[in-house]
Amino acid sequence: MSGLFYFKPLSIMTVDSILKTVEKEAISTFSLLDGWFDEEQAVLDYRPQAEALNAHEILVQSMLTCRDLMEEVDKGSARALACAQENEGFDWNQYTLLPQDVLEARNRPYYRARMLEGTIVGDFFPADDVRVSLRTQLLKCLEHLDMLQNGEGVHYKISYTDYGIGDLDIYQHLYLLTFYGKEQLDQLRYNKKEYLSLKA
């Protein structure tokens with residue numbers, strides 16, 4: 001799974017390249033998640049172990065995680081616009097969307113806890129509702145990028161010190177959303193691969 005946590009850094013960072021990178025990753029990640037709702041029911045119901053999540057529960061947790069992260073972005077974007085200063089002097093060449101310390105942060109227990117919680121309530125989230133919610137989160141992500149298209153997103157940071165991440169600005173926060181979406185995709189693929197191997 002470690003391969004999913006590497007994003008090739010851009011050689012020259014500009015506001016335009018940041019927006020395009022986050023937009024591309026978000027559309028790709030959410031589109032791949034959306035495709036899982038069309039899987040056959042047997043694949044969605046397959047549970048690798050007694051305490052593991054099946055595909056439906058993984059998708060529920062993707063929705064819950066995206067919703068939680070996006071709530072922070074909703075508040076942060078408005079504040080970024082309100083406190084934005086002139087971008088003159090900001091060194092975009094030193095900017096990175098996913099700093100190395102974030103890549104190495106051991107913050108997974110927070111999301112594992114959320115997933116374990118989801119195993120209790122997963123059945124209360126119909127697949128159609130989960131799918132609509134994830135699509136809504138993608139639209140929100142794109143809307144925030146459009147709102148912050150002049151670099152305003154770097155002017156407000158959201159703290160993740162409790163989970164070992166540190167402070168992330170709005171663009172980094174949205175990139176983090178795709179970061180965890182890819183982790184969920186990895187688990188979904190693992191479930192399906194195991195199901196197909198047993199079926200064969």
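Throughout, read-outs are computed from the coordinates displayed, never taken from laboratory work. Everything numeric here is computed off the predicted structure, so don't read it as measured data.
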Pairs 24/199; 20/157; 24/75; 75/192; 140/193; 24/140: which are spaced more than 25 Å apart, C-alpha to C-alpha? 24/199; 75/192; 140/193
Could you give me the ³J(HN,Hα) list for the range 16-32, computed from phi with Karplus coefficients 6.51, -1.76, 1.60 and θ = phi - 60°, whole Hz, x at Gly and Pro? 4, 5, 5, 4, 5, 5, 5, 4, 4, 5, 5, 4, 4, 5, 5, 5, 5
Given the range 22-77, report the % of alpha carbon pairs whose separation exceeds 16 Å. 55 percent
